[in-house]
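Step one of this worksheet: look at the structure below.
Read-outs throughout are calculated quantities, based only on the coordinates presented, and are distinct from any laboratory measurement. Note that the coordinates shown come from a computational prediction; the quantities given were computed from them, not determined experimentally.
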């Protein structure tokens, strides 16, 4: 896909690109220049999205996937030791 740069340096992201990146009107984006030429545009996450993601990670970290087993028992199971 291609798009034209305006005199003010603005571009319109094609609809397919916006949809794929989850970019909606009013969203902020980050723009990075690549050393070999070209640019990378990505949606900037809102603080609330980052906080929600962090909470999900922290919740997963608190889970105990092997209840009722000691660490040694889990290690024996994962190594195939009887």
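For the chain, what size does the Cα cloud have along each of its three principal axes, sorted from largest down, in whole Å?
Its Cα atoms span 71, 31, 22 Å along the three principal axes.
Where does the chain land at 222 nm, in deg cm²/dmol rounded to the nearest 500, when only DSSP H runs of n ≥ 4 count, each adding -39500 (n - 2.57), divided by all residues? Walk me through the numbers on the way to the answer.
Numbers: 3 runs with 32 residues, N = 82.
Calculated from helices alone, the mean residue ellipticity at 222 nm is -11500 deg cm²/dmol.
Report Rg (one decimal) and Dmax (nearest whole number) for region 1-44, counting Cα atoms only, units Å.
Using the Cα atoms of region 1-44, the pair Rg, Dmax is 11.0, 30 Å.
List the relative contact order of the chain as a percent without decimals, with contacts defined as Cα pairs under 8 Å and 6+ residues apart.
Working: 40 pairs, mean separation 11.2, N = 82.
That works out to 14 percent.
Once the piece of chain linking residue 61 and residue 46 is laid out straight, how much longer is it, given 0.36 nm per residue of separation minus the C-alpha distance between them?
Between residue 61 and residue 46, full extension yields an extra 3.1 nm.
Helix 47-62 versus the longest principal axis of the chain: what angle, 0 to 90°, nearest 10, using Cα atoms?
Helix 47-62 sits roughly 20 degrees off the main axis of the chain.
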